[in-house]
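> Have a look at this one before I ask anything.
The values are calculated or read from the model by the stated rules, or taken from the named source; none is laboratory data. These numbers were taken from a predicted model, which means no experiment stands behind them. Counting neighbours? That spans all protein chains shown, and the Cβs are built from the backbone with ideal geometry, glycine included.
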Amino acid sequence: MPDSAQRALCKVPEVTLGFWIIKVIATTLGETGGDSLSMSMNLGYAVSSLIFIALFAVLVAVQIRARRFHPFLYWLVIVATTTAGTTMADFADRSLGIGYPGGAALLFVLLMAALALWYSVEGSIAVQTVSTPRVEAFYWAAILFSQTLGTALGDWMADTNGLGYSKGALVFGAGLVLIAAAYYWTSISRTALFWAAFILTRPLGATLGDLLDKPISEGGFEISRYYASALLAIVIVLCILMLPQRAGRHPGSAD
């Protein structure tokens, strides 16, 4: 199959440095945007989660119905998963009363179950194979759970372990560096490394978002959540326009 046809089949972007840059910014926006509704607007975690889940459902339906990869639509769905992930994780951690360890454990089980079901049905969880509505449904379910798990991990590391937001961001950033090193210098499954990196970018974004909007007394910069969210959204748009955005190749089979 010609390369252009292969790319037309795939509905997700090629995984490049630009992809990861936008992903981190999008997860940071997810934190400030989610907190804007649940905290600044005092809607609470449950109501905010319902709003963002509804938004996610609409956007992912449009994404799945699309015939080819559309950068702005794809990243809009990603932002929807990060905002929903923020409020859903906060609901699990705080409203359900199971704490950060319980919330992280629950979300980890849900993510592993989603990936296991995807693999059992399709024989692969490689993102390069996301080219049919059924595979896309599995992909976005895994994305949503990974974003929610990442939020719980970020809050757990920053709050419970006493690292604070800046040190927490450094810890998750170091984890991503190790994954990058494993990608270049080991033979570890690229699919496993992708999902590990995808999960870790979320707590990195969560701690960076908290660093921006939390009070100075709590180690943050106390920037308005609304202003921070608007600025991050503008940066994402600029990155999509300036950084290469094309569909990933569909190899036909992947590990």
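> Which residue, of LEU211, LEU176, LEU153, is at pLDDT below 90 and closer than 22 Å to LEU111 by Cβ?
LEU153
> Check ARG94 against each of (1) under 27 Å from ARG246 (Cα atoms); (2) surrounded by fewer than 20 Cβ atoms within 10 Å (Cβ to Cβ); (3) not hydrophobic (A, V, I, L, M, F, W, C) and name the one condition it does not meet.
The single condition ARG94 does not satisfy is (1).
> Additional query: If a residue must be farther than 21 Å from PHE72 by Cα, within 15 Å of the chain's Cα centre (by Cα) and not hydroxyl-bearing (Ser, Thr, Tyr), how many such residues does region 197-236 contain?
Selection size over region 197-236: 8.
> For a quick check of your reading of the model, give me the residue pairs whose first member lies in region 179-199 and is in contact (Cβ under 8 Å) with a residue 60 or more places away in the chain, whose second is acidic (Asp, Glu) and exposed (fewer than 15 other Cβ atoms within 10 Å of the Cβ), with beta-carbon atoms closer than 8 Å and at least 6 apart or on different chains.
SER189/ASP255; ARG190/ASP255; THR191/ASP255
> Whether any residue in region 66-89 is part of a helix (DSSP H, G or I) and of a type in the set (Lys, Arg) is what I want to check.
Our first condition is that a residue be part of a helix (DSSP H, G or I); within region 66-89, this holds for 71-89.
Subsequent filtering for residues that are of a type in the set (Lys, Arg) retains none.
No, every residue in region 66-89 fails to be part of a helix (DSSP H, G or I) and of a type in the set (Lys, Arg).
> If you scan region 194-247, which residues turn out to be under 25 Å from GLY164 (Cα atoms) and not in a helix (DSSP H, G or I)?
Of everything in region 194-247, those that are under 25 Å from GLY164 (Cα atoms) and not in a helix (DSSP H, G or I) turn out to be LYS214, PRO215, GLY219, GLY220, PHE221, GLU222, ILE223, SER224.
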